[in-house]
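Novice: Next up is a structure, given as structure tokens.
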Amino acid sequence: MGPAAAIPRIPKLLNAMLQTAAHLLASKPDLVVLVDFGVFNLRLASTLRRFGYAGPILDVFPPGTWLDNADKARKVSALTVPLTAFAHQYEFYRSIGCRIEYFGHPLASSYPLRPQRAAPDRDGGVVAMLPGSRAGELRRHLPVLAAAYRVLQQRRPKLRGTFAAADARAAARIARTIEGEALTNVEIAHGVRDAVAQADGAWVASGTAVLEAALTGLSVVALYVIPPALIWYGRRMIRHRFITLPNLVLGREVVPELLQEQATPERLADTLETLMNDPARQYAEFAELHRALGPSDAMQRCASYAVELAANGDVAA
């Protein structure tokens, strides 16, 4: 989002955090579970500790997974029981003597690898288009995805497309794009799972959806476009070679990342068509991705650990 978009939201979020803290302090739950949203949840955890909450706080998906920030890791570990979904973060915390738990990534069991499919006919196929959920993502990604779809449809006259809508607002915006761009053979699905179910390939805005799509085994190309004013800020924040989760987990590019000026309709069409013509190219990598994300029962193990914390308190703290 960048600081310009984030700063106006601070008063509302601060108020929500204080109300949440007051409710939790009054109700005294056996366990507080924080999920992601590190900027908000770390302050919530700190406020709870400051005002006397002594029960366990489980921080699922703690902040800074790939940033390797030692100060942040020590703060998270001091306030909560961090529960990461990534071996990289587990190893980093352990290397600096911080407590952390790791049972694998819950999505690995939620999105099983489908049987490998043959390449679609050269004049057809189904393409999923996942533009993101935020208003800015929809505004920046829908036009280029619509244009890429037209380019690919010119080459494949029987091509069909499915847009993923995160909610009703996104669905309405996508519907206006379909009508305004006069796209044919295109439908709207609710969420990632429905959008990729019958797809042969997908264009996916960088985020968790890239991991979800890759775990199913279909051909995936990632894209992302941010406002030019945020490019400098983004480069300061992100120092890794990759930004998508499959590439970060495996340490190499298995999902092509077309960012900023690289995300042209022609290049998006070329890159995805190459993968659709040879689906085995990514399929083997995505099978390895499943293995790299840990045990298939990660969700159950995370839940069991949370129940144990609630029943017995933070005995290891």
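Novice: Considering Cα pairs under 8 angstrom that are at least six residues apart, work out the relative contact order of the chain and quote it in whole percent.
Specialist: Relative contact order here is 19 percent.
Novice: Report the calculated FRET efficiency for Arg134 and Ala311 (r = Cβ-Cβ distance, R0 = 41 Å), to the nearest 0.05.
Specialist: Working: r = 38 Å, r/R0 = 0.93.
The formula returns an efficiency of 0.60 here.
Novice: For the pair Arg281/Asp36, report the inter-label distance in nm, with labels modelled 7 Å from Cα in the Cβ direction.
Specialist: Rounded to a tenth, the inter-label distance reads 3.0 nm.
Novice: I would also like to ask the following. Just checking my list (i) 51; (ii) 46; (iii) 40 against percent of Cα pairs over 28 Å apart computed from this structure; which label fits?
Specialist: The calculated read-out lines up with (ii).
Novice: Give me the count of lysine pairs in the chain whose alpha carbons sit under 29 angstrom apart, restricted to pairs 8 or more positions apart or on different chains. Don't skip to the end; give the middle numbers.
Specialist: On the way: Lys12/Lys28; Lys12/Lys72; Lys12/Lys75; Lys28/Lys72; Lys28/Lys75.
Qualifying lysine pairs in the chain: 5.
Novice: Simple spin-label model, 7 Å along Cα-to-Cβ: Asp194 to Lys158 in nm?
Specialist: The two pseudo-label positions are separated by 2.6 nm.
Novice: Can you tell me, using C-alpha contacts under 8 Å and at least 6 residues apart, the relative contact order of the stretch 43-171 as a whole percent? Before the final figure, lay out the partial values.
Specialist: Values: 135 pairs, mean separation 23.3, N = 129.
Worked out over the stretch 43-171, it gives 18 percent.
Novice: If you don't mind, there's one more thing I want to ask. Describe numerically, in nm with one decimal, the distance between label points set 7 Å from Cα along Cα→Cβ at Arg301 and at Glu179.
Specialist: 5.0
Novice: Using a simple charge model, +1 on the beta-carbon of Lys and Arg, -1 on the beta-carbon of Asp and Glu, nothing else, what dipole does the stretch 54-185 show about its Cα centre, in debye to the nearest 20? Provide the component values of the computation, followed by the final result.
Specialist: On the way: 19 positive and 11 negative charges, 92 e Å.
Rounded to the nearest 20 debye, it is 440 debye.
Novice: Multiply the residue separation of Arg291 and Lys28 by 0.36 nm, subtract the distance between their alpha-carbon atoms, and state the gained length in nm to one decimal.
Specialist: Working: separation 263, 0.36 × 263 = 94.68 nm, distance 3.89 nm.
Between Arg291 and Lys28, full extension yields 90.8 nm more.
Novice: For Ala16 and Glu266 in the same chain, what is the full-extension length gain: residue separation times 0.36 nm, less their Cα-Cα distance, in nm?
Specialist: Details: separation 250, 0.36 × 250 = 90.00 nm, distance 4.42 nm.
So the chain would gain 85.6 nm between Ala16 and Glu266.
Novice: Could I ask something else about it? Using Cα springs under 10 Å in a Gaussian network model of the chain, which residue among Thr244, Thr80, Thr177 shows the largest mean-square fluctuation?
Specialist: Residue with maximal mean-square fluctuation among Thr244, Thr80, Thr177: Thr177.
Novice: Compute the length gained on full extension between Thr274 and Arg252: take 0.36 nm times their separation in residues and subtract their Cα-Cα distance, giving the result in nm to one decimal. Before the final figure, lay out the partial values.
Specialist: Working: separation 22, 0.36 × 22 = 7.92 nm, distance 1.88 nm.
Difference between extended and current length: 6.0 nm.
Novice: So what's the angle, to the nearest 10 degrees on a 0 to 90 scale, between helix 10-27 and the longest Cα principal axis of the chain?
Specialist: Value to nearest ten degrees: 50.
Novice: A follow-up question, please. How much accessible area per residue does the chain have, in Å², with a 1.4 Å probe?
Specialist: Details: 15670 Å² over 317 residues.
On a per-residue basis, the chain sits at 49 Å².
Novice: What's the carbon and sulfur percent of the stretch 1-156's accessible surface, probe 1.4 angstrom, rounded to a whole number? Before the final figure, lay out each step's value.
Specialist: Working: 4390 of 7700 Å².
Carbon and sulfur: 57 percent of the exposed surface of the stretch 1-156.
The values are calculated or read from the model by the stated rules, or taken from the named source; none is laboratory data. Note that the structure is predicted; figures quoted are calculated from it, not measured. Every residue, glycine as well, gets a Cβ built from its backbone with ideal geometry; the counts of neighbours run over all protein chains shown. Note: accessible area is taken over every heavy atom of the protein model, side chains too, but ligands, DNA and RNA are not part of it. Shrake-Rupley method; radii C 1.70, N 1.55, O 1.52, S 1.80 Å.
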